[in-house]
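The values are calculated or read from the model by the stated rules, or taken from the named source; none is laboratory data. These numbers were taken from a predicted model, which means no experiment stands behind them. Cβ atoms come from the backbone with ideal geometry, glycine included; neighbour counts cover every protein chain shown. These area figures cover heavy atoms from the full protein model, side chains too; ligands, DNA and RNA do not enter into them. Shrake-Rupley method; radii C 1.70, N 1.55, O 1.52, S 1.80 Å.
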Amino acid sequence: MNNQLARLKEQIEKRLDTVKDPVSGKGLMSAGRIAGLNIGDDGKVSFTIEAPAGIASEYAHARDKGEAAVHEIEGVSAVLAVLTTHDAKLASAAGIGRVKHVVAVASAKGGVGKSTVAVNLACAFASLGMKTGLLDLDVYGPSAPTLLGLQGKKPSQGQGKSLLPLEAYNLKTMSIGYLVDPGSPMIWRGAMATSAVRQMIDEVMWGDLDVLLLDLPPGTGDVQLTLVQRVPLAGAIIVSTPQEMALADVRRGISMFDKTHAPILGVIENMAYYETPDGHRVHIFGEGGARRTADQAGVPFLGEIPIDVALRESADAGAPLSATQPDHPISRRFREIAEAALANITRLAKPAPSIKVI
Ligand code: ADP
């Protein structure tokens with residue numbers, strides 16, 4: 001370790017010790033809560049706060065303070081603090097401590113069918129026998145309540161201030177749409193949206209899940225980045241239509257998820273073509289744009305979903321095709337995509353940041 005790095009490490013540790021451990025009242029460092037402190041050559045710092053089992057959510061504030069404190073240090077360009085518990089088995093059912101894989105579903109633009117794909121993909125994971133959750137993080141235009149036929153339903157209160165997720169089609173689900181009256185205008189200021197999102201991640205009793213899909217708001221900017229930095233992601237899936245897929249959009253997506261250390265599990269091309277009753281494929285939005293772009297950007301291509309009336313009708317009816325008509329060719333397609341995405345989670349798993357300095 002060179003001198004500069006050693007000095008930076010010392011400064012970071014000192015600064016982290018100014019943040020109080022909620023349990024012992026000591027500094028986070030002295031309380032032994034910090035693990036895996038990693039300093040990249042480019043000034044990117046990441047570390048883990050190990051919270052005692054069962055009370056991880058009480059550490060969310062300490063994590064934010066720790067992040068902010070380290071960020072102030074000169075030479076630090078970015079900070080990512082991840083909250084974990086010592087023993088995942090003993091961890092509280094609130095929060096995502098017992099979720100095996102958190103996967104974000106993103107798109108560069110709205111209207112490409114991201115939410116439709118996310119819901120059907122979630123049902124596909126469930127039909128593969130995985131315990132699956134769907135967290136609708138599109139605070140500006142939540143669609144999970146409609147897509148799952150749960151409009152007007154409210155989550156019930158669990159222990160303490162925790163919330164129980166709603167359940168439909170073998171999925172656990174949470175959305176801002178369940179927490180806010182559908183009639184009230186969805187105008188969120190950044191801070192409010194962030195705290196609502198935090199509540200949906202930290203205070204919902206997700207319990208044991210194999211996969212939790214996050215349906216992100218459209219776009220790959222700072223708003224989305226802030227949301228996904230709250231959780232350790234196993235990977236991200238990008239949804240696009242053929243013609244909207246500019247290489248620049250995918251690159252933006254890739255660079256956003258790079259900052260979260262999450263691999264791109266692949267690109268899904270939605271509305272890829274329309275198949276006429278006589279089996280002729282019409283490429284309404286152009287052909288193969290997403291596959292080409294994925295190839296050029298060096299990320300996997302997961303598959304195509306055609307424009308389909310049954311898919312649209314089932315979405316409008318709140319009865320996802322993948323769950324209600326599992327033998328439909330498009331439901332099969334979603335299962336293949338889910339399997340490919342799962343394989344990529346294992347294949348592309350990035351090793352935990354190398355522990356350079358502890
Ligand atoms: P986004 O989440 O990207 O804004 P949505 O999932 O809300 O997009 O989809 C926009 C509209 O397009 C919805 O009415 C949806 O039912 C429809 N849609 C999405 N994908 C398809 C598809 N493959 N075939 C037919 N309609 C689709």
In Å, descending, principal axis extents of the Cα set of the stretch 207-346
46, 38, 27
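Using a 1.4 Å probe over the heavy atoms of the protein chains, calculate the carbon and sulfur portion of the accessible area of the stretch 3-86 as a whole percent.
Details: 1880 of 4090 Å².
With neighbouring chains kept in place, the figure for the stretch 3-86 is 46 percent.
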At 0.36 nm per residue, and after removing the present C-alpha to C-alpha distance, how many nm does the segment from ALA68 to SER156 gain when stretched out fully?
28.3 nm
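Given a cut-off of under 8 Å on Cα pairs at least six residues apart, what relative contact order in percent is computed for the stretch 3-86?
Values: 130 pairs, mean separation 25.0, N = 84.
Reported as a whole number, the value is 30 percent.
Percent of Cα-Cα pairs more than 14 Å apart in the stretch 134-176, please.
On the way: 410 of 903 pairs.
For the stretch 134-176, the fraction of Cα-Cα distances above 14 Å is 45 percent.
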If a paramagnetic tag sat 7 Å from the Cα of ALA6 along the Cα-Cβ line, which residues of the stretch 41-69 would have the backbone N under 20 Å from that point?
41-43
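Give me the 1.4 Å probe accessible area per residue for the chain, excluding ligands and nucleic acids, in Å². Provide the component values of the computation, followed by the final result.
Numbers: 15950 Å² over 358 residues.
Value returned for the chain: 45 Å² of accessible area per residue.
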Rounded to the nearest 10, the angle in degrees between the Cα long axis of helix 114-127 and the longest principal axis of the Cα atoms of the chain comes to 90
Output the peptides 232-239, 108-115 sorted from most to least packed, where packing is the average of other Cβ atoms within 10 Å over each peptide's residues.
232-239, 108-115
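Quick one: Kirkwood hydrodynamic radius for the stretch 3-86, alpha-carbon pairs, angstrom, one decimal? Mind showing how you got there, number by number?
Working: mean 1/r = 0.0793 Å⁻¹.
12.6 Å is the Kirkwood radius here.
Which FRET efficiency value, to the nearest 0.05, is calculated for VAL309 and LYS100 with the Förster distance at 35 angstrom and r the Cβ-Cβ distance?
Working: r = 35 Å, r/R0 = 1.01.
Once rounded, the FRET efficiency stands at 0.50.
Give the residue list of trypsin sites (Lys or Arg not before Pro) in the stretch 201-272 that are DSSP loop and have at most 15 other beta-carbon atoms within 10 angstrom. Walk me through the intermediate numbers first.
Details: sites: ARG230, ARG251, ARG252, LYS259; in loops: ARG230, LYS259.
For trypsin sites (Lys or Arg not before Pro) across the stretch 201-272 that sit outside H, G, I, E and B with at most 15 neighbouring Cβ atoms in 10 Å, the list reads LYS259.
Run the helix sum for the chain: -39,500 (n - 2.57) per DSSP H stretch of 4+ residues, divided by residue count, reported at 222 nm to the nearest 500 deg cm²/dmol. Provide the component values of the computation, followed by the final result.
Values: 12 runs with 121 residues, N = 358.
Rounded to the nearest 500, the figure is -10000 deg cm²/dmol.
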Radius ratio Rg over Rh of the chain, counting only Cα atoms, Kirkwood formula for Rh
0.99
When the charge dipole of the chain is computed with +1 at the Cβ of Lys and Arg and -1 at the Cβ of Asp and Glu, the Cα pointing farthest to the positive end, of GLN159, ASN2, LEU209, is that of ASN2
Among HIS71, VAL82, LEU28, whose Cα projects farthest towards the positive end of the dipole of the stretch 3-86, with charges put on the beta-carbon of Lys, Arg (+1) and Asp, Glu (-1)?
LEU28
Of ILE49, ALA104, GLY289, which is farthest on the positive side of the dipole of the chain, counting Cα position, with +1 on Lys and Arg Cβ, -1 on Asp and Glu Cβ, and the Cα centre as origin?
ILE49
Two decimals is fine: what is log10 I(q)/I(0) at q = 0.12, 0.13, 0.20 Å⁻¹ for the stretch 25-168, from a Debye sum with one equal scatterer on every Cα and no solvent?
-0.70, -0.81, -1.24
The stretch 93-348 - percent relative contact order, Cα under 8 Å, separation 6 or more:
27
For the stretch 93-348, the dipole about the Cα centre with charges only on Cβ (Lys and Arg +1, Asp and Glu -1), to the nearest 20 debye, works out at 660
Give me the base-10 log of I(q)/I(0) for the stretch 260-332 at each q in 0.12, 0.17, 0.27 Å⁻¹, Debye formula, one uniform scatterer per Cα, rounded to two decimals.
-0.41, -0.76, -1.17
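Within the chain, what is the longest stretch that has no GluC sites (Glu not before Pro) placed in a DSSP loop and near at most 11 other beta-carbon atoms within 10 Å? List each step's numbers first, then the result.
Working: sites that count: GLU72, GLU74.
Answer from the scan: 75-358.
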Expressed as a whole percentage, what fraction of the accessible surface of the stretch 93-348 belongs to carbon and sulfur atoms when a 1.4 Å probe is rolled over the protein heavy atoms?
52
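Only four residue types carry charge here, +1 at the Cβ of Lys and Arg and -1 at the Cβ of Asp and Glu. Report the dipole size of the stretch 226-358 about the Cα centre in Debye, rounded to the nearest 20.
The calculated dipole for the stretch 226-358 is roughly 840 debye.
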